[in-house]
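Structure first, then comments.
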Amino acid sequence: MKTLTYTVKINQPVDLVFNIMTDKSVYPQWAKAWGEGMDYKGEWKEGEHIAFFDQSQGGTKVHVEKLVPNELIKTTHVAMVNTEAAEIELSDEMMKKWIGSKENYYFKAEGDSTTLLEVEMITDEAFEEMMQAWPKALESLKEICESD
């Protein structure tokens, strides 16, 4: 497993950044770094599951291990899903390598009106190239937050 870290400084308070990042209606706008038509089913609540997917390829399902509003979200990838967010059988080695990957978000206030958002991915190095979409996604999130 390899740890990859991506950060962005957003000129908005932590609560606004947290709320926008977890807003289902905004998610497709910043997650388009991975493809058009991104969506999710589930809730950003500790102990819950969220399936992230696009309309053409499907995606992944995470278990929300820990969620402290405005501070952190820790998730573990537990399944692959189809385009309707239903779990699918792990049919190849790459899918199997993805299961168990960790995706963690840390929200740090810098003064009253700036947030440092850090995304930590702990995954097989085979996914390092796919994770290069994070800087673009975070830049989109920053633009959305700062235009609010």
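Odds and ends about this structure:
- Answer residue from segment 33-48, given it is part of a loop (DSSP other than H, G, I, E, B) and buried (at least 16 other Cβ atoms within 10 Å of the Cβ) and is modelled with the lowest pLDDT among those: MET38
- Of all the residues in segment 49-67, those that are among the acidic types (Asp, Glu) and either surrounded by 16 or more Cβ atoms within 10 Å (Cβ to Cβ) or assigned to a loop (DSSP other than H, G, I, E, B) (or both) number 1.
- Looking only at residues of segment 87-108 that are loosely packed, with under 14 Cβ neighbours inside 10 Å and among the small types (Gly, Ala, Ser), we find that the one that is modelled with the highest pLDDT is GLY100.
- Of the numbered criteria (1) of a type in the set (Lys, Arg); (2) within 22 Å of GLU128 (Cβ to Cβ); (3) assigned to a strand (DSSP E or B), the one LYS97 fails is (3).
- Filter pass, ILE73 being in contact with a Leu (Cβ under 8 Å, 6 or more places away or on another chain), in contact (Cβ under 8 Å) with a residue 12 or more places away in the chain and in a strand (DSSP E or B): yes
- Near pairs, Cβ below 7 angstrom, 6+ apart or cross-chain, from segment 41-70 (on the phi > 0 side of the Ramachandran plot) to any residue that is surrounded by fewer than 17 Cβ atoms within 10 Å (Cβ to Cβ) and at pLDDT below 95: GLY58/ASN82; GLY58/THR83; GLY58/ILE88
- Residues in segment 49-86 that are at pLDDT below 95 and out of contact with any strand residue (DSSP E or B) (no Cβ under 6 Å at 6 or more places or on another chain): ASP54, GLN55, SER56, GLN57, GLU84, ALA86.
- Qualifying residue in segment 15-32 (condition: assigned to a strand (DSSP E or B), within 15 Å of the chain's Cα centre (by Cα) and modelled with pLDDT under 95): no
The values are calculated or read from the model by the stated rules, or taken from the named source; none is laboratory data. In this text the structure is predicted, and so the values were computed from the model without any measurement. With ideal geometry, Cβ positions are generated from the backbone for all residues, glycine too; neighbour counts draw on all protein chains shown.
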